[in-house]
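Colleague: Handing you this structure, nothing more for now.
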Amino acid sequence: MEKLSDELEQRLLNLEENLKVIRGTVAEAAVQSGRSPQDITLLAATKTVPVEVINHGIALGIDHIGENKVQELCEKYESYDLARCELQFIGHLQTNKVKNIIGKVSMIQSVDSVKLAAEISRLSVLQSITTDILIEVNIGSELNKSGVLPQDLYALLPQISAFTGIRVRGLMAIPPASANEAETLGYFSNMSKYFVDIKAKKLDNVDMDYLSMGMSSDYSQAIMAGANMVRVGSALFGQRLYNK
Ligand SMILES: *Cc1c(COP(=O)(O)O)cnc(C)c1O
């Protein structure tokens, strides 16, 4: 027990230090790209992170967290300190699991089909709420990856925004893990073009408020390319341990 609590203490200290560094980097990238630090939302990606660590982060001012597995979110849900923090869903979402998270999350970042949007709409209307969503774009057109293909994005948007109980708030993307730095920058910049272009169209029930892209290894570049929400996990909480 002694050992465990030492480890936990070290983990909390690391989190505090990491958060400071990341906030500094976010602020710098914001200013360099002509915005102010407050314009950028830092979302902590909390998969595999114990709730006591997450809640310490919330006490330090983390005000957006995101889970990517429905079951894990539900197991941790009652323990999150959500009085000062928004909980979002950022992972691949199966239609039959929407019922487990509707009303629990402030935004679903990973909507990529009419079928999924229809279920979010149906359950939101049942609960008399509106669920904010982002459209996930498979910006690298990878096989077997979530997200709408770029060439289908414009056709999908009006179909999704037509649903009641849903509000489209922006776009989300995860560039291919195999991409080098220059390629990743290209993907970020393509996302930014879609974001700006769709925003200018002023479509009904589509508010391009959030461009969610950038993770631990590339959040600074993502911000420079136009992201205003970054999802950071391991750089905040340390390497993930999957064999828990
Ligand atoms: C895990 C995860 C992140 C954060 O990944 P890191 O590389 O650890 O920062 C971001 N977005 C999604 C959707 C994730 O599942």
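The values are calculated or read from the model by the stated rules, or taken from the named source; none is laboratory data. In this text, all values refer to a predicted model and were calculated from it rather than measured experimentally. Don't worry about glycine lacking a Cβ; one is built from the backbone with ideal geometry, like all the others, and counts go over all protein chains shown. What goes into the accessible areas is simple: the full protein's heavy atoms, side chains included, and nothing from ligands, DNA or RNA. Shrake-Rupley method; radii C 1.70, N 1.55, O 1.52, S 1.80 Å.
Colleague: For LEU123, are the conditions met, namely being touching a residue at least 12 places away in the same chain (Cβ under 8 Å), open to solvent by less than 10 Å² (accessible area, probe 1.4 Å) and of a type in the set (A, V, I, L, M, F, W, C)?
Modeller: On the way: touching a residue at least 12 places away in the same chain (Cβ under 8 Å): yes; open to solvent by less than 10 Å² (accessible area, probe 1.4 Å): no; of a type in the set (A, V, I, L, M, F, W, C): yes.
Considered against the rule, which asks whether it is touching a residue at least 12 places away in the same chain (Cβ under 8 Å), open to solvent by less than 10 Å² (accessible area, probe 1.4 Å) and of a type in the set (A, V, I, L, M, F, W, C), LEU123 comes out as no.
Colleague: Hey, could you check segment 185-244 for residues that are of a type in the set (S, T, N, Q) and assigned to a helix (DSSP H, G or I) and say which is nearest to the ligand (Cβ to nearest atom)? Spell out how you get there, then give the answer.
Modeller: Taking segment 185-244 and keeping what is of a type in the set (S, T, N, Q), we get 189-190, 192, 205, 212, 216-217, 220-221, 228, 234, 239, 243.
Pick out the ones that are also assigned to a helix (DSSP H, G or I) and you get 189-190, 192, 220-221, 234.
On the way: SER189: 19, ASN190: 18, SER192: 18, SER220: 12, GLN221: 13, SER234: 4 Å.
If we take residues in segment 185-244 being of a type in the set (S, T, N, Q) and assigned to a helix (DSSP H, G or I), then SER234 is nearest to the ligand (Cβ to nearest atom).
Colleague: For segment 1-41, which residues satisfy the criterion of being over 18 Å from ALA222 (Cβ atoms) and without any contact (Cβ under 8 Å) to a residue 12 or more places away in the chain?
Modeller: Result: MET1, GLU2, LYS3, LEU4, SER5, ASP6, GLU7, GLU9, GLN10, LEU13, GLU17, LYS20.
Colleague: Hey, can you tell me all the residues within segment 46-61 that are within 15 Å of the ligand (Cβ to nearest atom) and open to solvent by 10 Å² or more (accessible area, probe 1.4 Å)? Can you show your working first?
Modeller: Within segment 46-61, the subset within 15 Å of the ligand (Cβ to nearest atom) is 46-49, 53-54, 57.
Selection gives LYS47, THR48.
Colleague: Just need a number here: residues in segment 98-131 that are of a type outside the set (Val, Ile, Thr) and closer than 17 Å to GLY147 by Cα. Reasoning before the result, please.
Modeller: Kept after step one, since they are of a type outside the set (Val, Ile, Thr), are these residues of segment 98-131: 99-100, 103-104, 106-107, 109-110, 112-113, 115-119, 121-124, 126-128.
This time we only want the ones that are closer than 17 Å to GLY147 by Cα, so: 107, 109-110, 112-113, 115-119.
The total comes to 10.
Colleague: Does segment 95-120 hold any residues that are among the polar types (S, T, N, Q) and open to solvent by 30 Å² or more (accessible area, probe 1.4 Å), and which are they?
Modeller: Applying the first criterion (among the polar types (S, T, N, Q)) to segment 95-120 yields 95-96, 100, 106, 109-110, 113.
Selection gives THR95, ASN96, ASN100, SER106, SER113.
Colleague: Against the condition touching a residue at least 40 places away in the same chain (Cβ under 8 Å), touching a strand residue (DSSP E or B) at 6+ places or on another chain (Cβ under 6 Å) and surrounded by fewer than 23 Cβ atoms within 10 Å (Cβ to Cβ), how does TYR210 come out, does it pass? Walk me through how you get there before you give the answer.
Modeller: Values: touching a residue at least 40 places away in the same chain (Cβ under 8 Å): yes; touching a strand residue (DSSP E or B) at 6+ places or on another chain (Cβ under 6 Å): yes; surrounded by fewer than 23 Cβ atoms within 10 Å (Cβ to Cβ): yes.
Here the answer is yes, as TYR210 does meet what is asked.
Colleague: Can you tell me which of (1) within 18 Å of MET229 (Cα to Cα); (2) more than 18 Å from the chain's Cα centre (by Cα) is the one GLN10 doesn't meet?
Modeller: If we test GLN10 against (1) within 18 Å of MET229 (Cα to Cα); (2) more than 18 Å from the chain's Cα centre (by Cα), just (1) comes out false.
Colleague: Just for segment 126-145: of the residues that are in contact (Cβ under 8 Å) with a residue 40 or more places away in the chain and more than 14 Å from the chain's Cα centre (by Cα), which one is surrounded by the fewest Cβ atoms within 10 Å (Cβ to Cβ)?
Modeller: Quick first cut of segment 126-145, residues in contact (Cβ under 8 Å) with a residue 40 or more places away in the chain only: 134, 137, 139-140.
If we keep only those that are more than 14 Å from the chain's Cα centre (by Cα) too, we end up with 139-140.
Values: ILE139: 27, GLY140: 22.
Among those that are in contact (Cβ under 8 Å) with a residue 40 or more places away in the chain and more than 14 Å from the chain's Cα centre (by Cα), it is GLY140.
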